[in-house]
Amino acid sequence: MSSEPIEKHPIPDGFANAHITPESYRRLYDESISDPDGFWGREGKRLDWITPYTKVKNTDFTFGDVSIKWFEDGELNVAANCVDRHLATRADQTAIIFEPDDPKAEAQHITYAQLSENVNRLANVLKDLGVKKGDRVVIYLPMIPEAAYAMLACARLGAIHSIVFAGFSPDALASRVIDCGAKLVITADTAPRGGRRTGLKSNADIALAQTGPEVKCLVVRHTGDDVAWNDDRDIDMKALMAKASTDCPPEPMNAEDTLFILYTSGSTGKPKGVVHTTGGYLVFAAITHQYVFDYHDGDVFWCTADVGWVTGHSYIIYGPLANGATTLMFEGVPTWPDAGRFWDVCDKHKVTQFYTAPTAIRALMGKGPEFVDGHDLSSLRLLGSVGEPINPEAWNWYNEHVGKGRCPIVDTWWQTETGGHLITPLPGAIETKAGSATLPFFGVKPEVLEPETAKVVAGNPAEGVLCIADSWPGQMRTVWGDHQRFMETYFQQYPGYYFTGDGCRRDEDGYYWITGRVDDVINVSGHRMGTAEVESALVAHDKVAEAAVVGYPHSLKGQGIYAYVTLMNGIEPTEELRSELEKWVRNEIGPIAKPDLIQWAPGMPKTRSGKIMRRILRKIAENDYGSLGDISTLAEPEVVDDLIANRMNRG
Ligand code: WTA
């Protein structure tokens, strides 16, 4: 570990009046750890409760008995908190700015009053279709305001939404609809992105052919493109909304009732349905949005994530709207019509906080600073980063060219499972270092453990796996339909802790540096991918006998997907087959899962008991084959020479 001191960036001028200062951070952090009931009991009051809670924290991390409950006897409604309660003071304030894909199309400013009207109408449409409290609704939509209406309409009725990223394939959509037992899928005709259109309805048609006739399909006519129509199943959403009443009373929900399910990749098996509940999740999304981004009235907050990922849930919709904020929804991509689009949008809407992913920063950095420099970015006060470790070059470029050295960068570390930020700078309280997520948020107690012994590494510096010692309100509660899997994934390996799956080091100042996943999950452009998922897609092809997938460093994507493929006997490896397999994986999972490199592997390095030695495959994929360690335990050590000789990454 390097002991070079890394330059600290001081708290910028203008953050002296931030919500949280260095002094209040220390004091409140200590309180949140020593007296979580006191701290969260007070913070819970930032929401409106129908029945106030009398209990705050009731959580147990013991393997076999894991149970997580917050505010468990309180009742509230998320839509009432994100919409209704703002109407008295903010009816005419913009809740959502919608910036369409086409830069020439007009942006929409949706006020809280209009948001309320649309959410109520859609809730009534859903209710008329028989959707009730506890039912599941899958949302497969582009980044359009209807996605927000759909989430909030479900919340209003107490229905559970599960958003499937619009970039996922029909098969991926079908398996999620089936796993959560959804009654209804909400989709759109086509989705414009970067000037091209994806047929979402046509994807949904293929998916719904696999799920059975009882699943209905509500279709947003967004672009007006012609789509196939099944009168027994398909329903025009806007037509029904136009006729629906604007009054739908919010359903009182217990704090621990499920708000949403979001599927995410793990190291084994199929993606799991992460369950988030009502009270704790919303408190945590709201407090982190306010403090981490130092949100104040009048700010314009822009998170560039897609609502199909947890970042979109917590920081486009729930956190900002719970705080009565103005949140920007962008339908397009950073590089179309050119690499200045993000900065155009910041300038046009006078964005004050801008939150994006390192992969986007690296892509824009590669296009040159001239795409940034011509824009007026003086409205920006703060920048954020999420999704993967941000390399210092990207951090410095972001700081210099976008933030002009004036804006703090909050590098927020968190996960689908955590609901909101766990380790992050607070802009008025914590000095930053390029590449470090810095210090824990309130109520979060990180520990570094030795991977093999599960012993806590005390003192600084420290290096090991990152675990969290106690619960926070935004924590996932279970895996949908499989509590055992929840316990085994997160609480078994390191007893008494929540295991994050990430490695980290803690430096001399106690700052955390996330080093990436220590399990078989890879992070491609900030998207989580289970290597097992890509492998099972590959072996489903009839010419593939065996496949092993690992990550390797990729200059733009963070990690790329490297697949070793053993073909069936007698099948010739050809370039055509390589593209066929790439296309196959795109179709099975989605474009984000397409392997970057496929190496034909006549054999895999296996132990005598038949287990693939992934460590070796990772090293070869990283082009670091000089240090393979002991390979004498392999059944056929000579396969390694062939793999090295034909390696694909020589960079
Ligand atoms: C990684 C996204 C370093 C990490 C919110 C984590 C990060 C996984 C950061 C979760 C960050 C996320 N620095 N790594 N600031 N943020 N990660 O569930 O490996 O899509 O475990 O949630 O992304 O990805 P997920």
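In table form, for the structure just shown:
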{"item": "Evaluation of ARG341 against (1) within 16 Å of the ligand (Cβ to nearest atom); (2) open to solvent by less than 10 Å² (accessible area, probe 1.4 Å) (one fails), failing number", "result": "(1)"}
{"item": "From the options GLY308, GLY273, GLY298, residue that is farther than 23 Å from TYR53 by Cβ, modelled with pLDDT of 95 or more, out of contact with any helix residue (DSSP H, G or I) (no Cβ under 9 Å at 6 or more places or on another chain) and not β-branched (Val, Ile, Thr)", "result": "GLY298"}
{"item": "Selection count where residues are open to solvent by 10 Å² or more (accessible area, probe 1.4 Å) and either among the small types (Gly, Ala, Ser) or under 23 Å from LEU129 (Cβ atoms) (or both), scope the stretch 191-204", "result": "5"}
{"item": "Per-region count, the stretch 358-387, residues small (Gly, Ala, Ser) and in a strand (DSSP E or B)", "result": "2"}
{"item": "Near pairs, Cβ below 7 angstrom, 6+ apart or cross-chain, from the stretch 442-464 (over 30 Å from GLY44 (Cβ atoms) and without any contact (Cβ under 8 Å) to a residue 60 or more places away in the chain) to any residue that is among the basic types (Lys, Arg) and not in a strand (DSSP E or B)", "result": "LEU449/LYS455"}
{"item": "Residues of the stretch 433-458 that turn out to be closer than 30 Å to PHE260 by Cα and outside any loop (DSSP other than H, G, I, E, B), as a count", "result": "4"}
{"item": "Any hit, the stretch 533-546, residues being open to solvent by 50 Å² or more (accessible area, probe 1.4 Å), under 20 Å from VAL444 (Cβ atoms) and basic (Lys, Arg)", "result": "no"}
{"item": "Boolean, ALA207 is under 23 Å from VAL585 (Cβ atoms) and surrounded by 24 or more Cβ atoms within 10 Å (Cβ to Cβ)", "result": "yes"}
{"item": "Selection status of ILE598, modelled with pLDDT of 90 or more, part of a helix (DSSP H, G or I), open to solvent by less than 30 Å² (accessible area, probe 1.4 Å) and more than 16 Å from the ligand (Cβ to nearest atom)", "result": "no"}
{"item": "Unique residue being within 19 Å of TYR511 (Cα to Cα), β-branched (Val, Ile, Thr) and open to solvent by 10 Å² or more (accessible area, probe 1.4 Å) when the list is VAL410, VAL386", "result": "VAL386"}
{"item": "In the stretch 390-432, the residues that are away from the ligand (no atom under 11 Å from the Cβ), of a type outside the set (A, V, I, L, M, F, W, C) and assigned to a helix (DSSP H, G or I)", "result": "PRO392, GLU393, ASN396, TYR398, ASN399, GLU400, HIS401"}
{"item": "Hey, GLY560 at pLDDT below 95, touching a Pro at 6+ places or on another chain (Cβ under 8 Å) and either open to solvent by 30 Å² or more (accessible area, probe 1.4 Å) or within 16 Å of the ligand (Cβ to nearest atom) (or both) or not", "result": "no"}
{"item": "Yes/no for HIS19 being open to solvent by less than 40 Å² (accessible area, probe 1.4 Å) and modelled with pLDDT of 95 or more", "result": "no"}
{"item": "Flag if GLU452 is at pLDDT below 95, away from the ligand (no atom under 14 Å from the Cβ) and within 18 Å of PRO358 (Cβ to Cβ)", "result": "no"}
{"item": "Matching residues in the stretch 176-212 - criterion: being touching a Pro at 6+ places or on another chain (Cβ under 8 Å) and among the small types (Gly, Ala, Ser)", "result": "ALA188, ALA191, GLY195, ALA204, ALA207"}
{"item": "Residue match in the stretch 251-262 (condition: touching a helix residue (DSSP H, G or I) at 6+ places or on another chain (Cβ under 8 Å), open to solvent by less than 10 Å² (accessible area, probe 1.4 Å) and either closer than 22 Å to THR89 by Cβ or of a type in the set (Val, Ile, Thr) (or both))", "result": "yes"}
{"item": "Count - residues of the stretch 236-250 that are under 21 Å from VAL307 (Cβ atoms) and surrounded by fewer than 20 Cβ atoms within 10 Å (Cβ to Cβ)", "result": "1"}
{"item": "Of all residues in the stretch 464-523 being within 11 Å of the ligand (Cβ to nearest atom) and part of a loop (DSSP other than H, G, I, E, B), the one that is most open to solvent (accessible area, probe 1.4 Å)", "result": "VAL518"}
{"item": "Count of residues meeting criterion [open to solvent by less than 10 Å² (accessible area, probe 1.4 Å) and more than 20 Å from ASN391 (Cα to Cα)] in the stretch 420-439", "result": "2"}
{"item": "Odd one out for ALA182, checked against (1) among the small types (Gly, Ala, Ser); (2) open to solvent by 20 Å² or more (accessible area, probe 1.4 Å); (3) under 16 Å from ILE261 (Cβ atoms)", "result": "(2)"}
{"item": "Close pairs from the stretch 385-400: first farther than 15 Å from PRO553 by Cβ and modelled with pLDDT of 95 or more, partner open to solvent by 20 Å² or more (accessible area, probe 1.4 Å) and more than 15 Å from the ligand (Cβ to nearest atom), Cβ under 8 Å, at least 6 apart", "result": "TRP397/MET365; TRP397/PRO369; ASN399/HIS9; ASN399/GLY405"}
{"item": "Elements of type strands (runs of 3 or more DSSP E) contained in the stretch 240-331, each with 2 or more residues being within 16 Å of the ligand (Cβ to nearest atom) and charged (D, E, K, R)", "result": "none"}
{"item": "Hey, VAL372 more than 16 Å from the ligand (Cβ to nearest atom) and surrounded by 21 or more Cβ atoms within 10 Å (Cβ to Cβ) or not", "result": "yes"}
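Residue-wise test of (1) within 30 Å of PRO451 (Cα to Cα); (2) in contact with a Gly (Cβ under 8 Å, 6 or more places away or on another chain); (3) within 16 Å of the ligand (Cβ to nearest atom); (4) modelled with pLDDT of 95 or more.
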| residue | (1), (2), (3), (4) |
| --- | --- |
| GLY526 | yes, yes, yes, no |
| GLY530 | yes, yes, yes, no |
| LEU538 | no, no, no, yes |
| LYS543 | no, no, no, yes |
| GLY551 | yes, yes, yes, yes |
| LEU567 | no, no, no, yes |
| THR574 | no, no, no, yes |
| LEU581 | no, no, no, yes |
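For (1) among the charged types (D, E, K, R); (2) at positive phi; (3) surrounded by fewer than 24 Cβ atoms within 10 Å (Cβ to Cβ), each residue gets a yes or a no:
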site	(1), (2), (3)
LYS270	yes, no, yes
THR278	no, no, no
ALA285	no, no, no
GLY298	no, yes, yes
TRP302	no, no, no
TRP309	no, no, yes
GLY312	no, no, yes
ILE316	no, no, no
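The values are calculated or read from the model by the stated rules, or taken from the named source; none is laboratory data. Computed from a predicted model, the values in this text were never measured in an experiment. Using ideal geometry, Cβ is built from the backbone for each residue, glycine included, and neighbour counts are taken over all protein chains shown. What goes into the accessible areas is simple: the full protein's heavy atoms, side chains included, and nothing from ligands, DNA or RNA. Shrake-Rupley method; radii C 1.70, N 1.55, O 1.52, S 1.80 Å.
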